[in-house]
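> The structure follows.
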Amino acid sequence: MKTTLELPDDLLTEAKAVAARRHTTLKAIMEHALRRELGDLPARSRRAQARIIVNERGFPVLRRQGEGRLTSEMVYTMQESGELE
């Protein structure tokens, strides 16, 4: 189905840039974002969901926990456990 959306210029520019960096289409980025927002993607663990927040631009980011820094090893562990996509 086709539809028309009016988006702020900065949001559209950022979405196009993300699509280009990921070597995908704007359509795929928009579909993924909508599915994620509507909860159609596989459910994450409650722990992982609690650590992910949405920033002012509507993109998911990891919430910082404690005083420590996020290391590459921590990210690899989260990816292997399925906490990150």
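The values are calculated or read from the model by the stated rules, or taken from the named source; none is laboratory data. Values in this document were obtained by computation on a predicted structure and should not be read as measured data. Ideal geometry is used to build each Cβ from the backbone, glycine not excepted, and the neighbour counts take in all protein chains shown.
> Please specify each residue of region 30-50 satisfying the condition of being assigned to a helix (DSSP H, G or I), surrounded by 11 or more Cβ atoms within 10 Å (Cβ to Cβ), modelled with pLDDT under 90 and hydrophobic (A, V, I, L, M, F, W, C).
If the condition is that a residue be assigned to a helix (DSSP H, G or I), surrounded by 11 or more Cβ atoms within 10 Å (Cβ to Cβ), modelled with pLDDT under 90 and hydrophobic (A, V, I, L, M, F, W, C), then Ala33, Ala48, Ala50 are the ones that fit.
> If I ask for residues that are surrounded by fewer than 11 Cβ atoms within 10 Å (Cβ to Cβ) and either at pLDDT 70 or above or over 23 Å from His32 (Cβ atoms) (or both), which ones from region 51-85 would you list?
Asn55, Glu56, Gln65, Gly66, Glu67, Gly68, Arg69, Thr71, Ser72, Glu73, Glu80, listed by residue number.
> Could you give me the residue pairs with C-beta distances under 8 Å whose first residue belongs to region 1-28 and is under 18 Å from Glu56 (Cα atoms) and modelled with pLDDT of 90 or more, whose second residue is assigned to a loop (DSSP other than H, G, I, E, B) and not aromatic (Phe, Trp, Tyr) wherever it lies, and which are 6+ apart or on separate chains?
Close Cβ pairs satisfying both conditions: Leu11/Arg57; Leu11/Gly58; Glu14/Arg57; Ala15/Leu7.
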